[in-house]
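Worksheet: the structure to be examined is printed underneath.
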Amino acid sequence: MRKRPNDIHLFLSDKEYYNLRIKSVLSGLSMSDVIRLSMNSQTLNQTPPKDFIILLSKINNIGNNINQITKNFHINDDIDLLYLRQCVINIENLVKEAKRKYL
């Protein structure tokens, strides 16, 4: 069964439709979702650029590497300091890049 069983139809002017379509494209949501969020006074956020998603993925990968280093240290009481330093440098570089691009 549908979550929303009530169906409505509405007529929009060309300008209203254009504005709704723009909000839909910028937010990455359907036009129905935009209307629903607007009715509930929720804010619409723009979809982040693909570069931002790639940057988050890189940071996540480095975090996974650090977790593996930590696990290895706890199991074997041995740590690869050179590799750990490189991970920290990579994170610092990515943070600088993110600040330059998005702030």
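Quick note: the coordinates plus some simple rules give every number you see, no bench work behind them. Please read all numbers here as calculations on a predicted model, not as lab measurements. Ideal geometry is used to build each Cβ from the backbone, glycine not excepted, and the neighbour counts take in all protein chains shown.
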Along the charge dipole of the chain, Cβ charges K/R +1 and D/E -1, which of Ser38, Ser27, Tyr83 sits furthest on the positive end? Ser38
What angle, in degrees between 0 and 90 and rounded to the nearest 10, separates the Cα long axis of helix 14-27 from the longest principal axis of the Cα atoms of the chain? 20
As I understand it, the value is the acute angle between the Cα axis of helix 50-76 and the longest principal axis of the Cα atoms of the chain; what does it come to in degrees, rounded to 10? 40
For the chain, longest principal axis from Cα atoms; helix 81-102 axis from its Cα atoms; angle between them, nearest 10 degrees, is 30
Most to least packed among 4-14, 52-62 [average Cβ atoms within 10 Å]: 52-62, 4-14
Which of the lysines could a cross-linker bridge to Lys15, judged by Cα under 17 Å and excluding same-chain residues fewer than eight apart? Lys23
Determine the relative contact order of the chain: mean sequence separation of Cα pairs under 8 Å and six or more apart, normalised by residue count, in whole percent. 17
